[in-house]
1. Taking E136 as meeting all but one of (1) at pLDDT 95 or above; (2) surrounded by fewer than 14 Cβ atoms within 10 Å (Cβ to Cβ); (3) not in a strand (DSSP E or B), write down the number of the exception.
2. If you check V91, V58, V66, which single one turns out to be of a type outside the set (K, R), in a helix (DSSP H, G or I) and closer than 22 Å to N32 by Cβ?
3. Only one of (1) assigned to a loop (DSSP other than H, G, I, E, B); (2) free of Cβ contacts under 8 Å to residues at least 12 places away in the same chain; (3) not small (G, A, S) is not met by Q97, so which one is it?
4. Scan N76, N116 and give me the residue that is of a type in the set (S, T, N, Q), without any contact (Cβ under 8 Å) to a residue 24 or more places away in the chain, surrounded by fewer than 17 Cβ atoms within 10 Å (Cβ to Cβ) and more than 19 Å from N51 (Cα to Cα).
5. Looking at V129, V123, which one is open to solvent by 80 Å² or more (accessible area, probe 1.4 Å), among the β-branched types (V, I, T) and not in a helix (DSSP H, G or I)?
6. Residues in the stretch 84-96: is at least one touching a strand residue (DSSP E or B) at 6+ places or on another chain (Cβ under 6 Å), at pLDDT below 95 and at negative phi?
7. Can you tell me which residues in the stretch 37-53 are within 14 Å of E92 (Cβ to Cβ) and either surrounded by 15 or more Cβ atoms within 10 Å (Cβ to Cβ) or touching a Ser or Thr at 6+ places or on another chain (Cβ under 8 Å) (or both)?
8. Checking A13 against (1) hydrophobic (A, V, I, L, M, F, W, C); (2) more than 21 Å from E106 (Cα to Cα); (3) modelled with pLDDT of 95 or more: exactly one of these is not met. Which one?
Amino acid sequence: MKFKYFAIIGTVAALAACDNNADMAASLRGNNYMANTDGVNIALAFDPDNNTVHGQVVNLYNGPYVIDGNKIKFGNLATTMMMGPMPAMNVEQAFLQFMNTADTYEIQDSKLIIRNSDGQEIVFDQVDVIPEPVNE
């Protein structure tokens with residue numbers, strides 16, 4: 001009897017973990033975020049229908065992401081190839097490199113915090129609509 005009890009508890013815990021992953025992924029889908037680094041806006045939008053992101057620093061970018069609990073991994077992000085002011089281009093390159101190393105995320109008070117394994121983080125504010133870039 002005890003074995004059946006533990007089996008039922010284990011099954012319920014496993015299902016709850018699956019639901020938690022779905023809830024975590026659902027908490028990002030359809031949401032838009034903005035960060036500002038050195039006066040340069042970074043837009044990040046999560047597609048409402050699938051696990052893809054898109055946004056803009058200087059160039060437009062898009063690509064896939066995968067969530068497992070509080071872990072997040074971004075796939076190869078495709079970008080356009082426009083030139084912009086050097087400070088904005090430097091922020092963009094640092095951002096894209098950071099996204100390749102992203103490891104965990106959390107949502108606190110309408111803020112999305114993405115961290116990599118080196119402890120670096122970018123804090124995004126949730127916004128209704130991503131504004132036009134003002135990177136000069």
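1. Among (1) at pLDDT 95 or above; (2) surrounded by fewer than 14 Cβ atoms within 10 Å (Cβ to Cβ); (3) not in a strand (DSSP E or B), the lone unmet condition for E136 is (1).
2. V91
3. (1)
4. Working: N76 fails: more than 19 Å from N51 (Cα to Cα).
Every option except N116 fails the conditions.
5. On the way: V123 fails: open to solvent by 80 Å² or more (accessible area, probe 1.4 Å).
Only one candidate passes the filter, namely V129.
6. Just the residues of the stretch 84-96 that are touching a strand residue (DSSP E or B) at 6+ places or on another chain (Cβ under 6 Å), to begin with: 88, 91, 95.
Those still in the list that are at pLDDT below 95 too: none.
Checked the stretch 84-96: no residue is touching a strand residue (DSSP E or B) at 6+ places or on another chain (Cβ under 6 Å), at pLDDT below 95 and at negative phi.
7. Start the filter on the stretch 37-53 by keeping residues that are within 14 Å of E92 (Cβ to Cβ), which leaves 37-44.
The answer is T37, V40, N41, I42, A43, L44.
8. Going through the list (1) hydrophobic (A, V, I, L, M, F, W, C); (2) more than 21 Å from E106 (Cα to Cα); (3) modelled with pLDDT of 95 or more, A13 breaks only (3).
The values are calculated or read from the model by the stated rules, or taken from the named source; none is laboratory data. Just so it is clear, the model here is predicted, and its values are computed rather than measured. Please note: Cβ atoms are built from the backbone with ideal geometry, for glycine as well, and neighbour counts cover all protein chains shown. To get the accessible areas, we keep the full protein, side chains included, count just its heavy atoms, and leave off ligands, DNA and RNA. Shrake-Rupley method; radii C 1.70, N 1.55, O 1.52, S 1.80 Å.
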